[in-house]
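Have a look at this one.
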Amino acid sequence: MNEPVIEISELTRRFGAATALSAINLALPRGAVYGLVGANGAGKTTLIKHILGLLRAESGSVRVFGLDPVADPVGVLSRIGYLSEENDLPGWMRVDELIRYSRAFYPAWDDAYAEELREMFALDSAAKIKSLSKGQKARAGLLVALAHRPELLVLDEPSSGLDPIVRRDILGAILRTIAGEGRTVLFSSHLLDEVELVADHVTMLRKGEIVLSAPLGSMKESHRVNGRAPTLDEIFVIHVGGAASQAAEP
Ligand code: ATP
């Protein structure tokens with residue numbers, strides 16, 4: 001009954017001689033928060049780009065809401081909220097213009113919720129996007145991603161540039177609320193302590209392959225040593241061989 005929101009089968013992607021994704025199989029049922037973790041270059045962004053239809057599957061298949069995101073971009077993207085690492089918002093717009101502009105793309109845009117988020121994120125309506133700090137830009141991007149109450153929220157490294165309060169409290173609360181409403185969240189992160197706080201299910205990528213994918217609780221249970229459940233960071237070191245947060249350092 002609970003059809004997967006995202007269903008990926010045998011997805012392989014090469015860039016020249018390099019294999020970015022190798023025979024990925026993934027089915028994400030609705031209503032949960034999925035953390036996608038892996039060191040730099042593990043393939044997280046490449047996987048997300050396939051889900052958004054920005055890359056076409058070379059071999060294997062990708063279905064989102066049962067649709068092919070490349071063949072039916074409108075049907076898929078209008079139901080997805082997306083925030084990327086780059087977060088390339090138009091710098092010349094003011095915050096209120098960005099909100100008006102964005103709402104035109106989404107039939108389900110919720111004005112009251114957009115205003116609630118703007119206040120929660122302390123964004124000045126009259127401020128120019130280019131004058132915002134990195135953290136404020138990330139909040140504006142999150143507002144746009146959330147205000148149409150998407151069925152699927154995809155966040156690629158949402159925490160870069162966000163201060164610890166936004167990261168832990170606001171982001172965590174939002175992700176939980178959304179999943180509680182039966183919506184689905186997929187987010188990639190290097191910050192394993194953050195993933196551990198909010199994810200129901202964790203998928204670990206290593207050099208384009210899934211090395212572990214399981215509900216967080218059962219993952220921790222199955223890695224118990226001497227009765228102690230390890231942290232996600234410790235599990236990551238076992239399977240990937242180095243802390244993701246350290247691997248993210250420039
Ligand atoms: P990061 O945490 O650094 O963002 P990631 O896990 O998101 O890394 P990807 O960006 O998906 O990793 O990259 C996976 C691999 O594919 C890397 O080896 C990367 O260099 C390569 N790659 C990604 N996009 C391209 C591209 N457009 N052209 C060539 N190689 C690419």
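Which residue out of S102, S9, S78, S22 is in contact (Cβ under 8 Å) with a residue 24 or more places away in the chain, farther than 22 Å from P215 by Cβ and touching a strand residue (DSSP E or B) at 6+ places or on another chain (Cβ under 7 Å)?
When all the criteria are applied, what remains is S22.
Considering each residue of segment 1-39, count those that are surrounded by fewer than 21 Cβ atoms within 10 Å (Cβ to Cβ), part of a strand (DSSP E or B) and of a type in the set (K, R), and give that number.
1
While we're on this one: Output the number of the condition that V70 fails; it satisfies all remaining conditions of (1) open to solvent by 20 Å² or more (accessible area, probe 1.4 Å); (2) among the aliphatic types (A, V, I, L, M); (3) within 13 Å of the ligand (Cβ to nearest atom).
(3)
For segment 112-137: of the residues being under 26 Å from V74 (Cβ atoms) and touching a residue at least 12 places away in the same chain (Cβ under 8 Å), which is surrounded by the fewest Cβ atoms within 10 Å (Cβ to Cβ)?
Y113
Starting from residues that are at pLDDT below 90 and charged (D, E, K, R), keep the ones in segment 73-88 and report whichever is farthest from the ligand (Cβ to nearest atom).
Restricting to residues being at pLDDT below 90 and charged (D, E, K, R), the top hit is D88.
Further question: I'd like the full set of residues that are in contact (Cβ under 8 Å) with a residue 60 or more places away in the chain and open to solvent by 40 Å² or more (accessible area, probe 1.4 Å), limited to segment 150-167.
E151, S160
May I pose another question? Tell me which residues, restricted to segment 95-105, are of a type outside the set (A, V, I, L, M), modelled with pLDDT of 90 or more and either within 22 Å of the chain's Cα centre (by Cα) or open to solvent by 80 Å² or more (accessible area, probe 1.4 Å) (or both).
R100, Y101, S102, R103
For P69, indicate whether it is in contact with a Phe, Trp or Tyr (Cβ under 9 Å, 6 or more places away or on another chain) and either at pLDDT 95 or above or of a type outside the set (A, V, I, L, M) (or both).
No: the conditions fail for P69.
Okay, next question. Of all residues in segment 44-57, count the ones that are open to solvent by less than 10 Å² (accessible area, probe 1.4 Å) and near the ligand (Cβ under 9 Å from one of its atoms).
2
Another question, then. Restricting to segment 178-215, what's the tally of residues that are under 15 Å from the mean Cα position of the chain (by Cα), farther than 23 Å from N87 by Cα and open to solvent by 30 Å² or more (accessible area, probe 1.4 Å)?
Result for segment 178-215: 4.
When both residues are 6+ apart or on different chains and their Cβ atoms are under 7 Å apart, which pairs have a first residue that lies in segment 41-66 and is in contact (Cβ under 8 Å) with a residue 24 or more places away in the chain and under 14 Å from I210 (Cα atoms), and a second that is within 13 Å of the ligand (Cβ to nearest atom) and open to solvent by 50 Å² or more (accessible area, probe 1.4 Å)?
A42/R206; A42/K207
Within segment 171-191, identify whether any single residue is part of a strand (DSSP E or B), touching a residue at least 60 places away in the same chain (Cβ under 8 Å) and of a type in the set (S, T, Y), and answer yes or no.
yes
The values are calculated or read from the model by the stated rules, or taken from the named source; none is laboratory data. Keep in mind that this is a model prediction, so the values were computed, not measured. Here Cβ is always computed from backbone atoms with ideal geometry, including for glycine, and neighbour counts include all displayed protein chains. Only protein heavy atoms, including side chains, enter the accessible area calculation; ligands, DNA and RNA are left aside. Shrake-Rupley method; radii C 1.70, N 1.55, O 1.52, S 1.80 Å.
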